[in-house]
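Notes follow the structure.
The values are calculated or read from the model by the stated rules, or taken from the named source; none is laboratory data. These numbers come from a predicted model, not from an experiment. Because the Cβ atoms are built from the backbone with ideal geometry, glycine has one as well, and the counts that use them run over all protein chains shown. Areas reflect the complete protein model, heavy atoms only, side chains present, ligands, DNA and RNA absent. Shrake-Rupley method; radii C 1.70, N 1.55, O 1.52, S 1.80 Å.
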Amino acid sequence: QVQLVESGGGLVQAGGSLRLCCAASGRTFSSFTMGWFRQAPGKDREFVAALKWSGAGTYYADSVKGRFTISRDNAENTVYLQMNSLKPEDTAVYYCAAKLSSSILYTATYSSPERYPYWGQGTQVTVAS
């Protein structure tokens, strides 16, 4: 019954910005971890960013650290990914994902796609050089 719907993708020039939105419904998400992943043609799905719905910490892949920001609006059950200084290598389909949070935190608990049972349909981000 968990539903995730992404929006905000599109075409942008290198150096530009986009904000992706993930609308979550069907459950109370206070005990969930929310993540953003991306998949480029011919490549595996890779971790981008994550947060715990009721926590304060945010987590980022090294490739996007300092350029992307993940945030949430608890009242609206919405997670955002603000993407600045976009590069052509950021081109991919971006997915919102959700999982039950772990009481013990280490990288694999939030960065591995196989640990997330709930996924959105994805939204295309294309960065032109």
Query raised in the report: Using a basic spin-label model with each label point 7 Å from the Cα along Cα→Cβ, how many nm lie between Val2 and Lys43?
Result: 2.5 nm
Report summary line: Once the in-chain neighbours fewer than 8 apart are removed, the aspartates and glutamates whose Cα is under 17 Å from Lys65 read Glu46, Glu89, Asp90
Requested in this report: Would you mind counting up the charge near Ser102? Only other residues with Cβ under 15 Å from its Cβ, with Lys and Arg at +1 and Asp and Glu at -1.
Outcome: +2
Query raised in the report: Roughly how many Å² is the accessible area per residue of segment 21-94, as a whole number, for a 1.4 Å probe?
Result: 46 Å²
Requested in this report: With the full set of protein chains in place, find how many percent of the accessible area of the chain is carbon and sulfur; take the probe as 1.4 Å.
Outcome: 47 percent
Report task. Within segment 72-125, report the chymotrypsin sites (Phe, Trp or Tyr not before Pro) that DSSP leaves as loop and that have at most 14 other Cβ atoms within 10 Å. Result -> Tyr106
Report summary line: Residue-ordered couplings for segment 22-28, obtained by feeding phi - 60° into the Karplus form 6.51 cos²θ - 1.76 cosθ + 1.60 and rounding to whole Hz (Gly and Pro as x), are 10, 8, 9, 8, x, 7, 7
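Under the rule that an exposed site lies in a DSSP loop and has at most 13 other Cβ atoms within 10 Å, name the longest stretch of the chain with no trypsin sites (Lys or Arg not before Pro) of that kind, not counting the sites themselves. Could you put the intermediate results ahead of the total?
Details: sites that count: Lys43, Lys65.
Counting only loop sites that pass the neighbour cut-off, the longest clear stretch is 66-129.
In deg cm²/dmol, rounded to 500, what helix-only [θ] at 222 nm does the chain give when every DSSP H run of at least 4 residues adds -39500 (n - 2.57) and the total is split over its residues? It would help to have the intermediate numbers written out before the result.
Numbers: 1 runs with 5 residues, N = 129.
After summing the helix terms and dividing by the residues of the chain, the value is -500 deg cm²/dmol.
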